[in-house]
1. Extending each Cα 7 Å along its Cβ direction at Tyr137 and Asp117, get the distance between those two points in nm, one decimal.
2. So what is the relative contact order for segment 96-182, in percent, with contacts set as C-alpha pairs under 8 Å and at least six apart?
3. If you average over every viewing direction, what projected area does the convex hull of the Cα atoms of segment 3-78 give, in nm²?
4. Is the shape of segment 96-182 best called rounded, prolate or oblate, per the rule: a/c under 1.5 gives rounded, else a/b larger than b/c gives prolate, else oblate, with a ≥ b ≥ c the square roots of the Cα gyration tensor eigenvalues?
5. For the pair His4 and Thr150, how long in nm is the line joining their label points, each one 7 Å along Cα→Cβ?
6. So what are the ³J(HN,Hα) numbers for segment 31-45, from phi and the Karplus equation (6.51, -1.76, 1.60; θ = phi - 60°), rounded to whole Hz, Gly and Pro as x?
7. Sticking with the crude label model, points 7 Å out along Cα→Cβ, report the distance from Glu104 to Asn46 in nm, one decimal please.
Amino acid sequence: MSGHEDAWRTLVDRFRLPVWHIAYRFAANPDDADELTQDIFMRLVNVLPSYRPSGALGAWIRQVATNVAIDSYRRRRRAPVLVPDEEIPEPPVPTSWQPDAIAERREEAATVRQLLDRLPPELSEPLILRDLMDCDYPEIADRLAIPLGTVKSRIHRARQTLARARRALGRGGPAGISKGDDR
């Protein structure tokens, strides 16, 4: 046997188990892990000349093994599974698409909108910009020409006020928002 073959056998013997463990995590069954381990060592044969001893050999081998395993996993996931049309079940209709759920969400949105309309503009405007228009805090501060801290405190106060009003509605109480509620 040549020195290269002895070195290769030593490398395989030393790293076979850690490489197999990496392969198993991606293959999820022993037979596929065995096959993937062979693929990893075949790749190592090809890329070993590119190894630079600046780092630990074991870490480099584990990185190559992980890359090969990820590539294999991605290829398997992209491969179409051919199933006859008659064997494909109808997907269930998500609960959120059912008429009752849609009506409930609309009713909830209308309630929140009514409560939001009752907030004073200095509270409702930053809240609408943040939660409905998805603006970030600095952008809201620029748009409304107010300090960043003021934006944060007004949004917080608006949310608290809306939450109190919604709780009151849930208990059957009045959902009024008065000027004193925005503190």
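Each value in this text was obtained by applying a stated rule to the coordinates, not by laboratory testing. Quantities reported herein were computed from a predicted structural model and do not represent experimental measurements. With ideal geometry, Cβ positions are generated from the backbone for all residues, glycine too; neighbour counts draw on all protein chains shown.
1. 3.1 nm
2. Working: 61 pairs, mean separation 27.3, N = 87.
Computed value for segment 96-182: 31 percent relative contact order.
3. Values: hull surface 20.5 nm².
Result: a mean projected hull area of 5.1 nm².
4. Values: a/c = 3.02, a/b = 1.47, b/c = 2.05.
Oblate shape, in that a/c is at least 1.5 and b/c is the bigger or equal ratio.
5. Modelled inter-label distance: 7.6 nm.
6. With coefficients 6.51, -1.76 and 1.60, one gets 5, 5, 5, 4, 5, 5, 4, 4, 4, 5, 5, 5, 5, 4, 4 Hz.
7. Between Glu104 and Asn46, the label points sit 5.4 nm apart.
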